[in-house]
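Working notes, beginning with the structure itself.
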Amino acid sequence: MTESKKIFVSPHIDDVRKDLNLPDRVYIFDTTLRDGEQTPGISFTLQEKITIAQQLDKLGVDIIEAGMPVVSKGDYEACKKISKLGLNCEVIGLARIARQDIDKVIECDMDSIHVFIATSDLHLKDKLKMTREEVLSAIVHEIEYAKEHFNIIEFSAEDATRTDLDFLIKANIAAVEAGATRINVPDTVGTITPPGYAYIIRKLRDALPKNIRISCHCHDDFGLSTANTLAGIEQGASQAHTTILGIGERAGNASMEEVVMSLYALYGVQTNIKYKFIYETAILLEQITNMRIPVNFPLVGSNAFRHESGIHAHAVIMNPRTYEPIGPDLIGIPRSDEIDDVILQSIGVGKHSGGHAIASKLNRLGVMVDRIQLQEIKNRIKVLGDKGKQITDQDLLAIAQAVLGTIPEMEKSIELEELTVVCGMNVTPTATVRLKIKHEDEWSEHIASAIGVGPVDAACNALSKAFTRYFNKIGEVKLAEYNLEAITGGTDALGHVRVRLEDPRGFLVDARATHEDIVMSSVLAMINGLNRIVAKYKLELNNLSN
Ligand code: MN
């Protein structure tokens, strides 16, 4: 009996599968660091990219797309560093069908290259201003050139799903004949349906040599990225481009969690993914991106294994398969009773087991702590516990993040030294910030004051004033979105602030911070975001001030 039959699925499964061309195993091509980083609001530092790459390798992805070295010095450095980490997986670099792009991937000494050029008439006419013949000859020339340096070449006909099918086949055959070893089929704008994508994959499979691996790259503009990916796999595609939590351009890419677990549970198709690391990988990404996993996100959202109805809850106790397609433990989510246990123990005063339980709980959430950090986390939990609060998973993570800073520690160019706020009735809210700003390993002090409609506004205005004055090459950073939430009850709750900052070039950065004082959480969240913006421009602009 196949794995999937043991667990669930429809009793008619054999009849349904009769007409499919399922591969024996599917290769996971992770593009979290490339397409994923193109998510509005997301920008990874070099250290974060390395941490993510190591986690993806531990998770068992087959290929990591580390970036597109030609686009920026940041991408270039990341591609170079990640290639040198000695990971088990293949590290691939993205390039347009263009000499300077391909040369950059060669310089970064990457395992393989992924080249692309648009093939739809729309892109040819309005973007590339090239004829079909010119595109074909560019594909042949540049892939032949790349072949002198790489054994593995993946080719993508960008906007494949809106390309004339005959021309799409022609372009892919030309790529293979010139030396491409894998063919990726991007639904660049997320405009195909599952039967439409299946049709294209079947036509390509029939036209291409059998040893050429076909890959799916689907976007979620209509919420169909996973469905389309699976439809492609049903027709013999044996590789999927995915990202952790489905991050990516616009509405994102197909999510690794959904694709991999559907293959396992619904199709009985294997991947190299170690399922037990799925949850911790999702949590790591949530922490680094400052994006919150929606509660109803499949598999890893906090509601995914929660049962509200009494009838369901009762049945799940008798047999979890009644209302749960898979058990949460399979993907590394601890059962909630286990979590409560850990929390009860951890609050216990003077218990040595407390620290151990917290550490193992944090480990399962993807957070590593040393002994000193653990002691500090334990102290803070104890204070909250003494206040009679129930400590949730989210509280624990928030406390750990506060103690650890972001994970991994981001190089800070700006630190808050002092904050004074005056507010009340019949007073103009006024704030003064004193910052330490680092330039070439020298710290200097900067003070600014501003007024605002309230204490948070005044503090953020003062901060922004000091920042713009010093980093005049970056310019004025605007607060595009602000969101405050109390993550525990009561007036002494931890205030969790998320901000979205926008720099003068329209680049968005999401950041957050947690503190008992909401003015402090607001200022710290903004400082976290500003540090990220400085980190981004540091490599591009040599001297960020004057
Ligand atoms: Mn894409």
Inset, instruction - Considering only region 397-422, state which residues are at pLDDT below 80 and outside any loop (DSSP other than H, G, I, E, B). - result: 397, 398, 401, 402, 404
Legend entry - Criterion (more than 16 Å from the ligand (Cβ to nearest atom) and not aliphatic (A, V, I, L, M)) met by exactly one of 35, 15, 75, 30: 15
Legend entry - Tabulated pairs, region 28-45, first buried (at least 23 other Cβ atoms within 10 Å of the Cβ), second among the basic types (Lys, Arg), C-beta under 6 angstrom, 6+ apart or interchain: 33/49
Inset, instruction - Among the residues of region 51-67, write down those that are buried (at least 19 other Cβ atoms within 10 Å of the Cβ), β-branched (Val, Ile, Thr) and out of contact with any Asp or Glu (no Cβ under 7 Å at 6 or more places or on another chain). - result: 52
Inset, instruction - State the number of residues belonging to region 123-157 that are in a loop (DSSP other than H, G, I, E, B) and touching a residue at least 24 places away in the same chain (Cβ under 8 Å). - result: 4
Legend entry - Count - residues of region 229-261 that are within 15 Å of the ligand (Cβ to nearest atom), surrounded by fewer than 22 Cβ atoms within 10 Å (Cβ to Cβ) and under 15 Å from residue 194 (Cβ atoms): 0
Legend entry - Hits in region 159-181 (condition: within 16 Å of the ligand (Cβ to nearest atom) and surrounded by 22 or more Cβ atoms within 10 Å (Cβ to Cβ)): 159, 160, 161, 163
Legend entry - Residues (among the hydrophobic types (A, V, I, L, M, F, W, C) and either part of a loop (DSSP other than H, G, I, E, B) or within 16 Å of the ligand (Cβ to nearest atom) (or both)) located in region 201-219: 208, 212, 216, 218
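So which helices (runs of 4 or more DSSP H) stay within region 300-368 end to end and still have 3 or more residues that are at pLDDT below 75?
336-347, 352-364
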Inset, instruction - Name the single residue, out of those in region 265-282 being at pLDDT 90 or above and under 14 Å from the mean Cα position of the chain (by Cα), that is nearest to residue 26 (Cα to Cα). - result: 278
Legend entry - Residues that are buried (at least 20 other Cβ atoms within 10 Å of the Cβ) and under 18 Å from residue 522 (Cα atoms), drawn from region 431-445: 431, 433, 435
Legend entry - Lone unmet requirement of (1) within 23 Å of the chain's Cα centre (by Cα); (2) more than 12 Å from the ligand (Cβ to nearest atom); (3) within 24 Å of residue 268 (Cβ to Cβ); (4) touching a residue at least 60 places away in the same chain (Cβ under 8 Å) for residue 226: (4)
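Every residue, every condition in (1) in a strand (DSSP E or B); (2) touching a residue at least 60 places away in the same chain (Cβ under 8 Å); (3) of a type in the set (A, V, I, L, M, F, W, C); (4) surrounded by 13 or more Cβ atoms within 10 Å (Cβ to Cβ), yes or no:
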| site | (1), (2), (3), (4) |
| --- | --- |
| 447 | yes, no, yes, yes |
| 450 | yes, no, yes, yes |
| 453 | no, no, yes, no |
| 458 | no, no, yes, yes |
| 462 | no, no, yes, yes |
| 474 | no, yes, yes, yes |
| 482 | yes, no, no, yes |
| 490 | no, yes, no, no |
| 493 | no, no, yes, yes |
Inset, instruction - Look through 266, 284 and report the one residue that is at negative phi, assigned by TED's automatic domain parsing to the domain that holds residue 248 and surrounded by 20 or more Cβ atoms within 10 Å (Cβ to Cβ). - result: 284
Legend entry - Identity of the residue in region 190-199, buried (at least 17 other Cβ atoms within 10 Å of the Cβ) and within 16 Å of the ligand (Cβ to nearest atom), that ends up nearest to residue 252 (Cα to Cα): 190
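Scan region 293-315 residue by residue and report those that are in contact (Cβ under 8 Å) with a residue 24 or more places away in the chain and either under 22 Å from residue 238 (Cα atoms) or under 18 Å from the mean Cα position of the chain (by Cα) (or both).
293, 297, 298, 299, 300, 302
The values are calculated or read from the model by the stated rules, or taken from the named source; none is laboratory data. The shown structure was predicted, so the numbers you read here are calculated from the model rather than taken from an experiment. Backbone-built Cβ (ideal geometry, glycine too); neighbour counts: all protein chains shown.
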